[in-house]
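Trainee: Below are the structure tokens for one structure; questions will follow.
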Amino acid sequence: MSNPVIVVHYHELFLKGRNRRFFLGKLFTALRQALQGVPVERIEQPGDRFLIRLGAGAPLDEAIRRVERVLGVAYYAVARPVERDMEALCAAAWEEIESLRFGTFAVRAKRSDKSFPANTMEIESTVGRHLLEKFRTQGRDVSVHLNDPEITCRIEITPGPLLVYARKIPGAGGLPANTAGRILCMLSGGYDSAVAAYHMMKRGAHLSFVHFYSTGARPGESSLHVANGLMRALVPYQFRAKLHRVPLDAIQREIVRYAPEDVRILLYRRMMWRISEVIAKRDRALALVTGDSLGQVASQTLRNLAAVDAVTRMPIFRPLIGTDKMEILATARKIGTYDISSEPFHDCCPVFMPRSPALHASPEELMEAEAKLDIDSLIEMGVHGTTVEKFRYLNGRVEVIQVKPRILADQQRAALA
């Protein structure tokens with residue numbers, strides 16, 4: 001028996017016209033990177049799909065686990081390799097769909113190897129007739145429906161073994177990783193920001209991350225371990241990323257010392273955006289992203305969002321702005337970040353929480369509240385206090401590399417210049 005073959009289909013990439021080759025090249029690279037360490041004979045692209053021919057001893061479950069996280073894959077299937085014989089093909093097709101429950105079916109063949117003696121119509125007719133006879137022998141009420149079948153038995157005629165499959169498994173969808181430019185994501189540790197990051201990665205953006213944390217938490221409560229866990233869950237979707245870790249305590253104390261109580265959280269966030277913009281420029285990012293959802297908390301009312309955003313010239317993307325909490329939690333469970341964000345940790349934003357936070361602030365009010373703050377010094381304090389970790393997905397595992405302080409200091413000076 002030949003080694004298993006995973007058939008990968010894409011959808012949205014059909015719409016890319018003359019740019020299709022670029023996106024397909026990125027998808028090919030992503031499949032190859034995802035499967036590093038798994039024995040693979042080769043990855044082929046006959047027509048409008050990819051065939052991943054696994055090597056001897058390749059763990060099929062592990063290969064599937066990796067393919068299901070490759071962005072740009074609409075669906076995939078594990079195909080049965082079959083001898084180049086019509087009788088064997090019919091038998092394999094029956095084995096593939098016998099246990100499935102449906103009322104209508106169709107057979108669809110694609111022939112990338114034109115040397116096979118039967119054409120696609122002959123293959124579909126012969127296999128379909130064989131399957132229908134087998135169903136009738138069993139007394140099952142099944143019929144052929146070519147336009148909208150419940151199940152499609154698909155046959156690939158390739159230069160190697162013939163391939164048969166009927167079970168389509170949904171893939172991650174979206175666009176291939178690293179096709180849409182660089183973005184910096186504010187990663188809080190909660191459910192929302194990780195889900196927002198996932199949505200932007202699905203659109204091909206390459207994300208770096210910035211995490212603001214408090215060092216005054218009790219032992220075991222720091223948010224850094226949660227941010228680290230979220231990075232490990234998200235990096236396999238884009239293969240590598242940087243996490244910028246910014247201590248916020250000293251900046252918050254200055255804000256508490258000089259600013260009105262009801263706007264503290266908004267001023268925290270304005271400082272976060274200012275520092276994030278400096279870090280984004282250093283990383284050559286073109287935009288910022290956050291997990292805000294309209295009206296979810298006091299700082300996320302429409303007027304407060306506008307007042308906070310006024311401090312940066314960079315575009316700010318909010319992919320969850322119209323999404324409710326239940327939808328966000330469902331996605332967090334799907335991508336494996338829910339349990340991580342459920343761990344106890346010390347969130348820096350509610351520190352010195354006001355009793356009655358402002359709901360409808362204006363940029364002018366917040367500028368007045370910041371009048372006694374040395375904004376430039378606070379930005380410099382945040383940027384110079386930043387440490388960086390690099391994450392890399394290799395051979396099915398996430399590796400972490402600490403950036404050397406000297407290299408980081410040189411980058412920070414350049415960003416502030």
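The values are calculated or read from the model by the stated rules, or taken from the named source; none is laboratory data. Since the model is a prediction, treat every value here as computed from it, not as a measurement. Glycine gets a Cβ as well: all are built from the backbone with ideal geometry, and neighbour counts include every protein chain shown. Accessible surface areas use protein heavy atoms only, side chains included; no ligands, DNA or RNA. Shrake-Rupley method; radii C 1.70, N 1.55, O 1.52, S 1.80 Å.
Trainee: For the stretch 27-72, what is the charge dipole size about the Cα centre, in debye to the nearest 20, if Lys and Arg each add +1 at the Cβ and Asp and Glu each add -1 at the Cβ?
Mentor: For this selection, approximately 100 debye.
Trainee: Let me spell out the model: positive unit charges on the Cβ of Lys and Arg, negative unit charges on the Cβ of Asp and Glu, origin at the Cα centre of the chain. What dipole size does that give, in debye rounded to 20? Write out the running numbers ahead of the final one.
Mentor: Working: 57 positive and 46 negative charges, 215 e Å.
It works out to roughly 1040 debye.
Trainee: At 222 nm, what value in deg cm²/dmol follows for the chain if DSSP H runs of at least 4 each add -39500 (n - 2.57) and the sum is divided by all its residues, to the nearest 500? Mind showing how you got there, number by number?
Mentor: Numbers: 14 runs with 158 residues, N = 417.
Taking each H run of at least 4 residues, the total per residue is -11500 deg cm²/dmol.
Trainee: Starting at the first residue of the stretch 72-80, write each ³J(HN,Hα) from the Karplus equation 6.51 cos²θ - 1.76 cosθ + 1.60 with θ = phi - 60°, in whole Hz, x for Gly and Pro.
Mentor: Couplings: x, 8, 6, 7, 9, 8, 9, 9, 7 Hz.
Trainee: With θ taken as phi - 60° and the coefficients 6.51, -1.76 and 1.60, list the Karplus ³J(HN,Hα) couplings across the stretch 284-289 in order, rounded to whole Hz; mark glycine and proline as x.
Mentor: With the stated coefficients, the stretch 284-289 comes to 6, 7, 9, 7, 10, 9 Hz.
Trainee: Charges on Cβ only, +1 for Lys and Arg, -1 for Asp and Glu, centred on the Cα centroid of the chain; of S115, P161, T179, which one is farthest towards the dipole's positive end?
Mentor: Farthest towards the positive end: S115.
Trainee: Based on the Cβ-Cβ distance from T137 to Q45, what FRET efficiency comes out when R0 is 25 Å, to the nearest 0.05?
Mentor: Working: r = 39 Å, r/R0 = 1.56.
Computed FRET efficiency for T137 and Q45 comes out at 0.05.
Trainee: Next up: Taking semi-axes √(5λ) of the Cα gyration tensor in Å straight from the coordinates, which label in (1) 33, 27, 21; (2) 38, 25, 20; (3) 53, 22, 18 is the correct one?
Mentor: So the structure-derived entry is (3).
Trainee: While we're on this one: With θ set to phi - 60°, apply the Karplus curve 6.51 cos²θ - 1.76 cosθ + 1.60 along the stretch 248-261 and write out the HN-Hα couplings as whole Hz, x wherever there is a Gly or Pro.
Mentor: Per residue, the Karplus-derived 3J(HN,Hα) values read 10, 3, 4, 5, 5, 5, 5, 5, 4, 5, 10, 9, x, 4 Hz.
Trainee: Across the stretch 1-158, how large is the tail of the calculated P(r) beyond 24 Å, expressed as a percent of all Cα pairs? Display every interim value, and only then the final one.
Mentor: On the way: 5190 of 12403 pairs.
Of all Cα-Cα distances in the stretch 1-158, 42 percent exceed 24 Å.
Trainee: Now, a different point. Grab the Cα-Cα distance for L60 and Y258, subtract it from 0.36 nm times how many residues apart they are, and report the gain in nm with one decimal. Let's see the in-between values first.
Mentor: Working: separation 198, 0.36 × 198 = 71.28 nm, distance 6.04 nm.
That pair, L60 and Y258, stretches by 65.2 nm at full extension.
Trainee: Carbon and sulfur: what percent of the chain's accessible surface (1.4 Å probe)? The partial results should precede the final answer.
Mentor: Numbers: 10050 of 19550 Å².
Roughly 51 percent of what the probe reaches on the chain is carbon or sulfur.
Trainee: With a probe of 1.4 Å, find how much accessible area the chain has per residue, and write the answer as a whole number in Å².
Mentor: Values: 19550 Å² over 417 residues.
I get 47 Å² per residue for the chain.
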